[in-house]
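To start, the structure under review is shown below, and the notes come after it.
The values are calculated or read from the model by the stated rules, or taken from the named source; none is laboratory data. Bear in mind that the values here come from a model prediction, so they are computed numbers and not experimental data. Glycine gets a Cβ as well: all are built from the backbone with ideal geometry, and neighbour counts include every protein chain shown.
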Amino acid sequence: MRLKRLAPLLATAGLIATTVPLLAATQAAAAPEAEYLKQKPAWHRCADDRPASYECATLKLPLDYKRPQGPTIDLAISRVKSENPAKRHGVMLLNPGGPGGSGLDLPLMVGELMPKDVRDQFDLVGFDPRGVGASSPISCGLTDTEQNFERPYRPESFASDVTWARTVADKCREKAGDVLPYITTRNTARDMDAIRAVLGERKISYLGYSYGTYLGAVYSQMFPERTDRFVLDSGVDPQRIWRGMIQVWATEAEPAYARWTGWAAERSAQYGLGDTPKAVSDTFWALVERADREPFDFEGQKVTGDLIRTARGAFFYPAQATPLVVALKAAAEGKPQPAGTDPAELKRMLSGGRAAEPASDNGISVFWAVACGDTGSWPRYTEQYERDAARDKAKYPLYGDMASNIKPCAFWNRPAEAATPMNKKANVLTVQNEWDSQTPLTSGQGLHRALKGSRMVLAAGGEGHAVYLVDPASCVNGPVNTYLATGRLPAEDVTCQSPPAAAERRVSPTPSKPLPFPSGPARF
């Protein structure tokens, strides 16, 4: 990814709301529950070290939309207005993904990268989803170890995995139980519509990345008459929420791994991992087995075979995965690192971009609230997780056991609201890279199929999570800009070829200076 300077983001939402439009004319005039829609944002400069045009405000919104006069939450919003009122079309809400991250800084970053003819048409509006950052943040009080859910399946350790999952669910109930039922995608969509109403807009446009694609899709189904120009970039398949979206990391890592072995074999003279795809694969699995048998040190980090497998996202980027495997192989054999190696960058890739120091659990707490609260489809029996993890460890050896192993949702309270059916026409634009590690191509295609009336722009050969504005060289930028500037979808789906520089760009799966996209295991 090319965008720099923002912190990771996620998303949250809430349950329990009516499907009656928030601003139905008769209701707005007569019902006291519409009082929160009459508030006026008290805009102010966000920070002295930020431009004066970057404004912030806080709204008071219902925790439970079925009880609009009950407890409230703070919802932090931001904006950068269009500099050309004569060309202004409306507002564009922004979401970077998640669930669980802040979106307040997005108007600044997106505004810098949009072409002027698009930028002039919109007031760009960011927000911290409910439960996140400055929007009544929640915490489960999780330790750094408890936040990591990449747990390899082994029969002898499964009982401790069950204990971990139960502990996370119990701690979340204890620390945030009064709020958790309302941290869901449907309630975040309701918050978005409240922002629209408070700003006095008839419709909203939207740019959502990763998890933000599912949030945008849910909004389009709950409020189709208020859905304007929507770009959903790097799609979450609504049929896979949420266990299936974790499991797709395993199924789609396998073709990415196969592609990598071919890439490395073609460059065997440079990297020395093998001159055929099978030889490269044999070298890799020998390294994994050796590290499981005899863990070794790499830049102060104890490396096991399981840790190497958690770097599954790197294999969607062959130009980066190959130096990583070469460096790990040298470390395991006690040899010096190859010339030109950047050990710090490779270590960061190996750890999935996770910080070494203890991290706030706000993001992961919201992640579980949404993942467990959006759908009741999570298995409730520990035996099913064990069977699935054992099966998928054999079927998808790189990551299958970690994807299917038990998660806290097995012990979560039942959702108070069903997932959103995708049965309304949605004239939205979906965008996808062919080789995306977090929301793989099959997931993006599932989103496109689910949204009747949508169009897809696919960057064939494109690598990386998130496309529009993130990769300046991507072939998707033109069609997206045209849609945002005109409101007209392409007549049919578009498949374009990413230029070679984009297809093999040296961008880490968890870049050091991204848009505020989530990184690490619990991020879409």
Matching residues, segment 197-222, being touching a Lys or Arg at 6+ places or on another chain (Cβ under 6 Å) and of a type outside the set (A, V, I, L, M, F, W, C): LYS203, SER205, GLN221
List every residue pair whose Cβ atoms lie under 8 Å apart, where the two residues are 6 or more positions apart in sequence or sit on different chains, the first residue falls within segment 454-483 and is farther than 20 Å from THR227 by Cα and not assigned by TED's automatic domain parsing to the domain that holds PRO440, and the second residue, located anywhere, is in a helix (DSSP H, G or I) and of a type in the set (A, V, I, L, M, F, W, C). none
Can you tell which of TYR206, TYR211, TYR153 is more than 25 Å from LEU124 (Cβ to Cβ), modelled with pLDDT of 95 or more and aromatic (Phe, Trp, Tyr)? TYR153
Which condition from (1) in contact (Cβ under 8 Å) with a residue 40 or more places away in the chain; (2) surrounded by fewer than 15 Cβ atoms within 10 Å (Cβ to Cβ) is the one that LEU59 breaks? (2)
Filter pass, ARG259 being among the charged types (D, E, K, R) and touching a strand residue (DSSP E or B) at 6+ places or on another chain (Cβ under 8 Å): yes
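Condition check ((1) crowded, with 23+ Cβ neighbours inside 10 Å; (2) closer than 30 Å to ALA159 by Cα) across all residues:
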| site | (1), (2) |
| --- | --- |
| ALA416 | no, yes |
| VAL431 | yes, no |
| GLU434 | no, no |
| GLN438 | yes, yes |
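Quick one: which helices (runs of 4 or more DSSP H) lie wholly within segment 251-310 and hold at least 3 residues that are surrounded by 15 or more Cβ atoms within 10 Å (Cβ to Cβ) and assigned by TED's automatic domain parsing to the domain that holds TYR396? Don't jump to the end; show me each part of the working.
Details: elements: 268-271, 277-293, 305-309.
Those helices (runs of 4 or more DSSP H) span 277-293, 305-309.
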Being assigned to a helix (DSSP H, G or I) and buried (at least 21 other Cβ atoms within 10 Å of the Cβ) is the filter here; which residues of segment 198-220 pass it? TYR211, GLY212, THR213, TYR214, LEU215, GLY216, ALA217, VAL218, TYR219, SER220
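Each row is one residue, and each column tells you yes or no for (1) more than 25 Å from GLU146 (Cβ to Cβ); (2) aliphatic (A, V, I, L, M).
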{"residue": "ASP392", "(1), (2)": "no, no"}
{"residue": "MET402", "(1), (2)": "no, yes"}
{"residue": "ALA418", "(1), (2)": "yes, yes"}
{"residue": "PRO440", "(1), (2)": "yes, no"}
{"residue": "GLY444", "(1), (2)": "yes, no"}
{"residue": "VAL467", "(1), (2)": "yes, yes"}
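Is it the case that segment 157-168 has a residue that's acidic (Asp, Glu) and in the same structural domain as PRO408 (by TED's automatic domain parsing)?
The first filter runs over segment 157-168 and keeps only residues acidic (Asp, Glu), leaving 161.
The next check asks that each one be in the same structural domain as PRO408 (by TED's automatic domain parsing); those that pass are 161.
The answer is yes, given that some residue of segment 157-168 is acidic (Asp, Glu) and in the same structural domain as PRO408 (by TED's automatic domain parsing).
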Within segment 248-277, residues being out of contact with any Asp or Glu (no Cβ under 8 Å at 6 or more places or on another chain), farther than 24 Å from ALA331 by Cβ and in contact (Cβ under 8 Å) with a residue 12 or more places away in the chain number 7
On the basis of being in contact (Cβ under 8 Å) with a residue 60 or more places away in the chain and in the same structural domain as ARG50 (by TED's automatic domain parsing), does ASN84 make the cut? no
Kindly state which helices (runs of 4 or more DSSP H) lie completely within segment 356-467 and contain at least 2 residues that are in contact with a strand residue (DSSP E or B) (Cβ under 7 Å, 6 or more places away or on another chain) and under 19 Å from ALA217 (Cα atoms). 441-450
